[in-house]
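**Q** My questions will all concern the structure given below.
The values are calculated or read from the model by the stated rules, or taken from the named source; none is laboratory data. Just so we're clear, the structure is a prediction, and the values are computed from it rather than from any experiment. Cβ sites come from the backbone with ideal geometry, for glycine too, and all protein chains shown count toward neighbours. Heavy atoms of the whole protein, side chains included, go into the accessibility calculation; ligands, DNA and RNA do not. Shrake-Rupley method; radii C 1.70, N 1.55, O 1.52, S 1.80 Å.
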Amino acid sequence: MLLIRCPYCEEERPELEFRNAGEAHIARSTNIAGESDDDFEKFFFIRANPKGVIYERWRHIHGCARFFNAVRDTVTDKFILTYKAGEPKPAKLPGAAK
Amino acid sequence: MSAAFRISGAGRLSQAKTASFSFDDKSYTGIEGDTLASALLANGVHLVGRSFKYHRPRGVLSAGAEEPNALVQIVRDDARKTPNVRATVQELYDGLTAHSQNRWPSLAFDVGAVNDVASPLFSAGFYYKTFMWPKSAWKSLYEPKIRAAAGLGVSPDKPDPDHYASRYAHCEVLVLGGGAAGIAAALAAAETGVRVVIADEQAEFGGSLRFESGASIDGQTGYAWAQGAIAKLKAMDNVRVLSRTTAFGYYAQNFVGLVERVSDHLKTPGRELARERLWQVRANRVVIATGAIERHMVFANNDRPGVMLASAARTYLNHYGVAVGRNVGVYTANDSAYAAAIDLKKAGVNVAAIVDLRDNPSGPVIDEARSLGIEINFGRAVVSAGGKLRVSSMTVQPKNGGGGRTIPVDAILMSAGWTPSVHLFSQSRGKVAFNDETKRFVPGAYAQDCVSVGACNGTDGLAATVDEAYAAGAKAAKEAGGKVGKSGKPKVDAGESWSRGMLGAAPGAGPGTTIKAFVDFQNDVTAKDIRQAVHEGMRSIEHVKRFTTNGMATDQGKTSNMHGLAIAAEELGKPIPQVGLTTFRAPYTPVTFGSIVGHARGALFDPTRRTATHGWAASHGAVFEDVGHWKRAWYFPKAGEDMHKAVDRECVTVRKVGGLFDASTLGKIEVVGPDAAKFMELLYTNPWEKLETGRCRYGIMLREDGFIYDDGVVGRLAPDRFHVTTMTGGAPRVMNHMEDYLQTEFPHLNVWLTSITEQWAVIAVQGPKSREIIAPLVEGIDMSDEAMPHMSVREGKICGVPTRLFRMSFTGERGFEVNVPADYGEAVWEALWAEGQKHGATAYGTEAMHVLRAEKGYIIVGQDTDGTVTPNDAGLDWAVGKKKTDFVGIRGLTRSDLVAKGRKQLVGLKTKDPKIVLEEGAQIVADPKQPIPMKMIGHVTSSYWSENCGRSIALALVAGGRDRMGQTLYVPMPNGTIEVEVTGMVFVDEKGERLNG
Ligand SMILES: [Zn+2]
């Protein structure tokens, strides 16, 4: 069982308390009704699904109930970093090669 | 009376403490502290089982967890019949009853052994090749036959009466393995004061110190030192010592699963003791000290009972005081078997000969064996073992061929060398590296905060092992925050050391096709099978493994993997590392379901949710159905009524008089805050800003793709307060959906969401008399039609307790839903029931609720919709705010497929024969005469007998459904095609007058 650091509770808690909520940093348009088919497709259907570093949303559902963002390596399952919802994508990752 | 092969003065068991046991209904005597294997061997019993595929007679190969052969069924009573227990692990208790497996009618005479003679038929890939065709025969013929003939042991056929405990533990240093390395590491870590857990799979700690007579530490024998060190560790507050505990799985972030065998070794465990305890340990640092496992030699008939690992024979002698034979042969490719020969010779056992595959080895153990007068043959091979139910001889030849001779023996002790136990390291996702010089895989790159020490790390020799382990234990503790301890490093006075050996088939494995030189004993895989797999095109070791099943039995190839790999590599002409090692997966040894499940059985398997009126419903004869975790009253049969009659009566009574229904399981969410209406506008298709306080609206929630996600009635209690209801099964995910948008997309909105499902009990009172039933109990609410019209909500009191009283209807009748704090739910229900009785009202269950709503064409999300249905498809376009510029799903609704013509739409169906009730899920076609496969244009979503209509009614999703009104369609069923007419969705009171009736 993974330990995941909740950036709101500021501690590592067992995976059972959390739920994955898909890829992060996909903003819903403030004018979604006027969005083109292509833009809506990108927003709703297309996901990166990378082998390696992924930015994704998690919810501390059985804890503080907050949504937050995490950087995880899909190969090792390792959580590299977690940060609060609304914060920008981290420019530099700890321990990353570049 | 001492058993025939028990050597007086040898071993560590107290001969006075005897234990009687039976094996295949024959009684024997053993000693407390024996394993079943050592007790059988003490009685001269080597034949303990039949093999999986060929039914070959098998004996005891090892003295530990790696045992592939000696698998037995342990029977405690009618319900406790455990199959596939390794006799080498099962501790003896007085009265133990064991049976051999995989034989009929008896172990010595087994009909299935014909498979051995017919073995050319059963070669590698046999199942894949033979039972391919015809396809239909696989299910009806091949599989049942194979399953009946195969399989090891018999599963118990009664519920497991034992209970299983579960513990979580946290520590700074977890030490896996309690041999010399593990103990040294634990001592070093414990001295620093950090929390230490040390676990070992055996009943006694010591690992190979149990048989290494040459070990001496701190002036004591190795084994005595180990016991003293463990006693010292047990006395420390910061140390937990777990014996009989196997680490079976190494998971992410140093999370290790271990199973402790609590009472399998006890004569009468008693109810208070669990059978096993699952430990889930999170460690800051892990020290892996799992040792090494000896490999057998691969030669013809190397599976005859009496042929065993040299270290096993040594363990049986030095620990259990048992000689595995009176006249033993030794076949080896490394030094360690010499120590076994020496110990047995000194104990008075005749060693007929040592056969050493190496050409001219030298060293102290060889000198000592020679000085004891043991015949040693270098550069020679045992090419075959004689005998059938017990080995009787070994045939020895020069390894490059030439004349052989046959030496009578009653046991063969073999050693091809030692394989480091890298299972747990590999499970931790560490990468193993092949050491070409020593021909073994050892830990390479680490993926987690762990370290391997001793034999599992490829470290040879006791002194080097203890040095390395002690340093690693101290370092791990320090990294985990421990202080530097006083140095109590053990001093190794003397130790044994060996390495090298050989991998793969020995000369006795022969190139012939009839020779059975076993690589994997448990799955009956021979050297020939592996060669054949390569010849048939398997290149990857993973393919070879699956084709031959080498290493795929419950022992997971602990003794066979390296041999299999070496044979494949030789056949492929590639170096071993290029062929690769198969992946190690948890569990290291078999784990019972019970230990994983723990207490989560029966009533504790899954939570059960009961509403406030559950007791009342039960005492009034309700039949319950499961809806998610909820128990809901399904119907309330009166004496003599079946379900059909009860539901008919409930449905008719509700429309004629009235009925009470427990709707408490509906999800309820309170949406509160200055921006509550704005939030509702964004989450639902409907407009909310203009909904007056005290009024209700039927709301539809979509996903972003435009499909219906949930629906429910929403009441506005105040300008900043909405009482939202969701479908029973949808409450948690709707709450999650709302929170997601509130927290991440609309965080600027000042809104608070609270789940109130559990807080309010909901009693629906429906029917023409509903107001008369409720009114006498209500205070402070004017219930007249003018003051409280349909779709309104009022706050006041009922029976003196607070209520949120909704006027709403899921039946089409005048109706109310009485919300009261859940603690008062049963009392208010009783009061309403008493009032209802005066009018002849009924209690009704979920089945009548379903029928009544279907009569009105009210949909149930998830039954009449399936995640691809839009509001328009469901005939609910009126609920979508046309002037709105944003809500979740607004863009999805305009996708080209969602506005295309010919989409499936919800319609009503009436069968031409009113008595026929369609099956829900049945497919609909336009032309029943078209050839199969027919074009399906829709399916039935809801279907009931409606007593109120005097006929069956149904809802269905049909392509272009609303353009087909009046058309005849067809429902092809196995017993004939049913004609139906497409109709509107409302079957009762089309104008909706009864809402005020
Ligand atoms: Zn949290």
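**Q** Would you work out which of B:TYR741, B:ILE669, B:ILE708 lies farthest towards the positive end of the dipole of region B:666-756? Charges go on Cβ: Lys and Arg +1, Asp and Glu -1.
**A** Checked the options; the winner is B:ILE669.
**Q** Considering protein heavy atoms only and a 1.4 Å probe radius, which residues within region B:252-267 exhibit an accessible-area decrease of no less than 40 Å² in the full assembly relative to the chain by itself?
**A** B:GLN253
**Q** I'd like to verify something in chain B: which complete DSSP H helices, judged by Cα projection on the helix axis, reach 15 Å or more and average at least 0.0 on the Kyte-Doolittle scale?
**A** Qualifying helices, which must be both long enough and hydrophobic enough, are B:180-191, B:222-234, B:336-346, B:462-479, B:561-572.
**Q** Given Cβ point charges of +1 (Lys, Arg) and -1 (Asp, Glu) and nothing else, what value in debye, to the nearest 20, does the dipole of region B:666-756 about its Cα centre take?
**A** Roughly 340 debye for region B:666-756.
**Q** Follow-up. B:HIS170 to B:THR608: FRET efficiency via 1/(1 + (r/R0)^6), r the Cβ-Cβ distance, R0 41 Å, to the nearest 0.05?
**A** 0.80
**Q** Ignoring any ligand, DNA or RNA, what whole percent of the accessible area of region B:454-519 comes from carbon and sulfur when the probe is 1.4 angstrom?
**A** 54
**Q** Using modelled backbone amide H atoms (1.01 Å from N, in-plane), which distant-in-sequence or interchain residues come within less than 5 Å of A:THR74's amide H?
**A** A:GLY52, A:VAL53, A:ILE54
**Q** Counting only protein heavy atoms and rolling a 1.4 Å probe, how much accessible area do A and B lose on contact, total for both sides, in Å² to 100?
**A** The summed interface area works out to 2100 Å².
**Q** Using just the helices of chain B, give the 222 nm mean residue ellipticity in deg cm²/dmol: DSSP H runs with n ≥ 4 each add -39,500 (n - 2.57), and the total is spread over all residues, rounded to 500.
**A** Taking each H run of at least 4 residues, the total per residue is -6000 deg cm²/dmol.
**Q** Hey, got the average number of other protein chain Cβ atoms within 10 angstrom for residues in B:889-896?
**A** That works out to 4 on average.
**Q** Distance between Cα centroids, region B:709-737 to region B:658-707: provide it in whole Å.
**A** Here the two parts' Cα centres lie 5 Å apart.
**Q** Sticking with this one: Could you work out what % of the accessible surface of region B:902-997 is carbon and sulfur, using a 1.4 angstrom probe and leaving DNA, RNA and ligands out of the count?
**A** That fraction is 49 percent.
**Q** Here's another thing I want to ask about it. Please give the residues from region A:1-27 for which the solvent-accessible area of heavy atoms, probe 1.4 Å, is smaller by at least 20 Å² with all protein chains in place than with the chain isolated.
**A** Listed in order, they are A:MET1, A:LEU2, A:LEU3.
**Q** Here's another thing I want to ask about it. Please report the base-10 log of the normalised intensity I(q)/I(0) for the protein assembly as shown, using a Debye sum with one equal scatterer per alpha carbon and no solvent, at each q in 0.05, 0.10 (1/Å).
**A** Once normalised to I(0) and log-transformed, intensities are -0.48, -1.18.
**Q** For region B:18-116, with the dipole built from +1 on Lys and Arg beta-carbon atoms and -1 on Asp and Glu ones, taken about the Cα centre, which of B:VAL89, B:ALA39, B:SER106 lies farthest toward the positive end?
**A** The one lying farthest along the dipole's positive direction is B:SER106.
**Q** Kindly report the accessible area of chain B per residue (heavy atoms of protein chains, probe 1.4 Å, no ligands, DNA or RNA), in Å².
**A** Per-residue value: 40 Å².
**Q** Let me ask something additional. Applying a 10 Å radius around every beta-carbon, put B:385-397, B:206-218 in order of their mean neighbour count, most first.
**A** On the way: B:385-397: 20.4, B:206-218: 23.2.
Result, highest mean Cβ count within 10 Å first: B:206-218, B:385-397.
**Q** Kindly work out what percent of the DSSP beta bridges joining two residues of chain B are antiparallel, to the nearest 5.
**A** If I count the DSSP bridges inside chain B, around 75 percent turn out antiparallel.
**Q** Give the residue from B:GLN837, B:VAL525, B:ALA189 lying farthest towards the positive end of the charge dipole for the protein assembly as shown; charges sit on Cβ (+1 for Lys and Arg, -1 for Asp and Glu) and the dipole is referred to the Cα centre.
**A** The one lying farthest along the dipole's positive direction is B:VAL525.
**Q** What relative contact order, as a whole-number percentage, does region B:197-258 give when Cα pairs under 8 Å and 6 or more residues apart are counted?
**A** Relative contact order, region B:197-258: 40 percent.
**Q** Quick one: order B:ASP359, A:ASP77 from most to least accessible surface, probe 1.4 Å.
**A** Highest to lowest solvent-accessible surface, that is B:ASP359, A:ASP77.
**Q** Taking each residue in A:42-50, count the Cβ atoms of any other chain within 10 Å of its Cβ, then average. What number comes out?
**A** Shielding by partners across A:42-50 averages 1.
**Q** Follow-up question, since we're still on this one. What list of ³J(HN,Hα) values in whole Hz, one per residue of region B:797-814 in order, does the Karplus curve 6.51 cos²θ - 1.76 cosθ + 1.60 (θ = phi - 60°) give from phi, with Gly and Pro shown as x?
**A** 10, 9, 6, x, 10, x, 9, 9, 9, 9, 9, 7, 8, 10, 10, x, 8, 3
**Q** List the pairs from B:LYS678/B:LYS884; B:LYS656/B:LYS769; B:LYS17/B:LYS267; B:LYS901/B:LYS929; B:LYS638/B:LYS856; B:LYS856/B:LYS935 whose alpha-carbon separation is above 18 Å, in the order I gave them.
**A** B:LYS901/B:LYS929; B:LYS638/B:LYS856; B:LYS856/B:LYS935
**Q** Additional query: Report relative contact order for chain B in percent, whole number only (criteria: Cα-Cα under 8 Å, sequence separation at least 6).
**A** Numbers: 2410 pairs, mean separation 89.9, N = 997.
Once divided by the residue count of chain B, the mean separation gives 9 percent.
**Q** Sorted by mean Cβ packing within 10 Å, highest first, what order do the peptides B:714-723, A:30-39, B:871-880 take?
**A** Averaged packing, sorted descending, gives the order B:714-723, B:871-880, A:30-39.
**Q** Same structure again: Express in whole angstrom the spacing between the alpha-carbon centres of region B:324-402 and region B:752-799.
**A** Going from one Cα centre to the other spans 92 Å.
**Q** Can you list the residues in region B:720-753 whose accessible area drops by at least 10 Å² when all protein chains are present, compared with the chain alone? Use a 1.4 Å probe, heavy atoms only.
**A** Residues passing the criterion (a loss of at least 10 Å², heavy atoms only) are B:ASN736, B:GLU739, B:ASP740, B:GLN743, B:THR744, B:GLU745, B:PHE746.
**Q** Also, I was wondering about something else. Relative contact order for region B:739-894: what is it in percent, counting Cα pairs under 8 Å that are at least 6 residues apart?
**A** It rounds to 20 percent for region B:739-894.
**Q** Another question about this same structure. Determine the share of region B:680-745's accessible area contributed by carbon and sulfur atoms, expressed in whole percent, with a 1.4 angstrom probe. Could the numbers behind the result be given before it?
**A** Values: 1020 of 2060 Å².
That share works out to 50 percent.
**Q** Through the Karplus equation 6.51 cos²θ - 1.76 cosθ + 1.60, θ set to phi - 60°, convert the phi angles of region B:153-161 into ³J(HN,Hα) values in whole Hz; use x for Gly and Pro.
**A** In residue order, the calculated couplings are x, 10, 5, x, 10, 10, x, 5, x Hz.
**Q** Counting only DSSP beta bridges with both residues in the protein assembly as shown, what percent are antiparallel, rounded to the nearest 5?
**A** That works out to approximately 75 percent antiparallel.
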